[in-house]
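Q: One structure follows; several queries about it will come next.
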Protein chains: 2
Amino acid sequence: MEHLWYLDDVNVFKILCPHKFKSYKACHNFDVFQPRDYIYFEKDHSCKMFLIEKGKVKIGYYTAEGDEVVKAVLRKGDVFGEKAILGEEERNEFAQALLKDTVVCSMKVSVLHDLMRDNKTFSLKIYKLINFRIRKLERRLQLLLFKDVRTRLMEFLQELCDEYGVCCEKTGTVKISHPYTQKDMASLIGTSRPTINTIMNELRDENLIEFNRNEILVLKKTS
Amino acid sequence: MEHLWYLDDVNVFKILCPHKFKSYKACHNFDVFQPRDYIYFEKDHSCKMFLIEKGKVKIGYYTAEGDEVVKAVLRKGDVFGEKAILGEEERNEFAQALLKDTVVCSMKVSVLHDLMRDNKTFSLKIYKLINFRIRKLERRLQLLLFKDVRTRLMEFLQELCDEYGVCCEKTGTVKISHPYTQKDMASLIGTSRPTINTIMNELRDENLIEFNRNEILVLKKTS
DNA sequence: AGGGTTTTGTAAGCTAGCTGACATTTTAAG
DNA sequence: CTTAAAATGTCAGCTAGCTTACAAAACCCT
């Protein structure tokens, strides 16, 4: 499957960086959250977009049965709540801080719309960001439609490599420090928790990966 | 599950209608296609958005194994290729005319960007259209993650009702004239063709629906 | 009008992956 | 340091839905 990650095209933080972009001051207000604080919740009015300065933020929602489903865990430089720009009325997900002193910068949609009108480059960045999200959704959908659990897990690990991976020159392995539990992974790729566990241990037995609670070491390129 | 269809918010055709919107003339060029003609193909450069004036257009892609997968079949008033606006470089799907003399209006991305900058109402409509597509994707994903095939099929029928349904006042039934084969439905909801067939016939036995090749009659509200 | 093609109907057999249950290990909280 | 809670590991049993295969029907096309 084609490579998905054009992060340079999508790094809104870079272009919003105050050193490079003066108008940024207009939306330069930061909020600090503590673990378990909700930054927004389902049904909240969608009036802002957020940028993470520090810490971690979990995006998710609750099923009718009350189970939490994780959509993503984001870090410094990541943007969330961007659907507000697209005229979304209310949130259909929550955003929750995970780490102590998680700092996010919030930007009002009205301000962003003005910025976008005045700055072609900026608006294109925003467009690309949204296109990126759509591609990610379409990709997940295709995996779910056509691939078995093992393949989906391996694709997911590949994504983790691209997002969180640190390549070790010496050994040629990639170390992933990620924030997901096996339960999270299970719901992200659409399977049950025991199945994830079994396959993870299979991959370990096959010397493809090594892992503990917080880290995965990818020993060989899987694709 | 919540109701998804805010078509009024999303009907770009209305706002692009020449009677209401003078600048529309700028992009008022129509093309006529015949069945099996491709309007665009995977890997084509994404430089236009399209609006269907007449006929039907199939959106789909091919798997690595060469099988065709239908993403949607669209009709008069529907928009496609809108990812071009979001800075997509090349198509990851094809668009193919299905009916004789299918007429589509094409609009260059550059023109659309200009229109969007000059006209706040228009740009919001475009944003809402894109938000709508994202919601649809997210919804499909959630169904695929958590619901069994029967539920997914019933949700799909509900969508067809909203999109293609004509309500008969006398009998209280809804008639759906749709363009999908059972094979198409199968790939849309992520199952096999025989399974769709079996469940469709079960629903018929339960007097919930009536159907033939081209039409589905929904006898009772299923949700 | 007839022969080929596509779509629909149906069934047997199999298996990937779910469910539920429990044990073990790790982390968090007082 | 202790205890509770969360995350991981493992397994037996089951079943939804897939695969394959074939037959019937409906729809071309010339």
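Q: Go through the range A:124-134 residue by residue and tally those that are at the interface with chain B (Cβ under 8 Å from one of its Cβ atoms), of a type outside the set (A, V, I, L, M, F, W, C) and out of contact with any Gly (no Cβ under 8 Å at 6 or more places or on another chain).
A: Looking only at that region, the number is 1.
Q: While we're looking at this one, here's another question. I want to confirm something. Restricting to the range A:59-82 and keeping residues that are in contact (Cβ under 8 Å) with a residue 12 or more places away in the chain and part of a loop (DSSP other than H, G, I, E, B), which single residue is farthest from the other protein chains (Cβ to nearest Cβ)?
A: Selected residue: A:Lys76.
Q: A follow-up question, please. List, please: which pairs have Cβ atoms under 8 Å, are six or more places apart or on different chains, and start with a residue in the range B:200-222 that is free of Cβ contacts under 8 Å to residues at least 24 places away in the same chain and end with one that is charged (D, E, K, R) and away from DNA strand C (no atom under 15 Å from the Cβ)?
A: B:Asn207/B:Lys220; B:Leu208/B:Lys220
Q: Follow-up. Quick one: which of B:Asp118, B:Asp162 is farther than 30 Å from B:Thr198 by Cβ and open to solvent by 20 Å² or more (accessible area, probe 1.4 Å)?
A: Going through B:Asp118, B:Asp162 in turn, the sole match is B:Asp118.
Q: Here's another thing I want to ask about it. Go through (1) within 20 Å of B:Leu137 (Cα to Cα); (2) open to solvent by 20 Å² or more (accessible area, probe 1.4 Å); (3) among the aliphatic types (A, V, I, L, M) one by one and return the number of the condition A:Leu124 breaks.
A: Of (1) within 20 Å of B:Leu137 (Cα to Cα); (2) open to solvent by 20 Å² or more (accessible area, probe 1.4 Å); (3) among the aliphatic types (A, V, I, L, M), only one is false for A:Leu124: (1).
Q: Also, I was wondering about something else. Please determine, by comparing only the residues of the range B:191-220 that are more than 11 Å from DNA strand C (Cβ to nearest atom) and among the charged types (D, E, K, R), which one is nearest to B:Thr171 (Cα to Cα).
A: Applying the filter and picking the extreme gives B:Lys220.
Q: Going by the conditions given, is A:Leu145 under 25 Å from A:Arg75 (Cα atoms), within 14 Å of DNA strand D (Cβ to nearest atom) and surrounded by 14 or more Cβ atoms within 10 Å (Cβ to Cβ)?
A: Here the answer is no, as A:Leu145 does not meet what is asked.
Q: Another question, then. So how many residues does the range A:191-216 have that are within 20 Å of A:Leu74 (Cα to Cα) and open to solvent by less than 50 Å² (accessible area, probe 1.4 Å)?
A: 1
Q: Condition first: modelled with pLDDT under 55 and surrounded by fewer than 15 Cβ atoms within 10 Å (Cβ to Cβ). Can you find one or more residues in the range B:25-42 that meet it?
A: Looking for residues that are modelled with pLDDT under 55 and surrounded by fewer than 15 Cβ atoms within 10 Å (Cβ to Cβ), one finds at least one in the range B:25-42, hence yes.
Q: Could you please give the count of residues in the range A:159-207 that are in contact with a strand residue (DSSP E or B) (Cβ under 8 Å, 6 or more places away or on another chain), among the polar types (S, T, N, Q) and more than 16 Å from DNA strand D (Cβ to nearest atom)?
A: Here the count works out to 1.
Q: Continuing with this model, one more query. Counting only residues that are open to solvent by 10 Å² or more (accessible area, probe 1.4 Å) and more than 14 Å from chain A (Cβ to nearest Cβ), how many does the range B:83-108 have?
A: Counting residues in the range B:83-108 that are open to solvent by 10 Å² or more (accessible area, probe 1.4 Å) and more than 14 Å from chain A (Cβ to nearest Cβ) gives 7.
Q: Which members of the range B:132-189 meet the condition of being among the small types (Gly, Ala, Ser) and within 16 Å of DNA strand C (Cβ to nearest atom)?
A: B:Ser177, B:Ala186, B:Ser187
Q: Related question: Would you list the helices (runs of 4 or more DSSP H) that sit entirely within the range B:104-223 and hold 1 or more residues that are within 30 Å of A:Ile85 (Cα to Cα)?
A: Hits in the range B:104-223: B:109-118, B:120-146, B:149-164, B:182-189.
The values are calculated or read from the model by the stated rules, or taken from the named source; none is laboratory data. All figures in this text were calculated on a predicted structure; none of them were measured in a lab. Note that we place each Cβ from the backbone using ideal geometry, even for glycine, and neighbour counts take in every protein chain shown. Note: areas computed on protein heavy atoms with side chains; ligands, DNA, RNA excluded. Shrake-Rupley method; radii C 1.70, N 1.55, O 1.52, S 1.80 Å.
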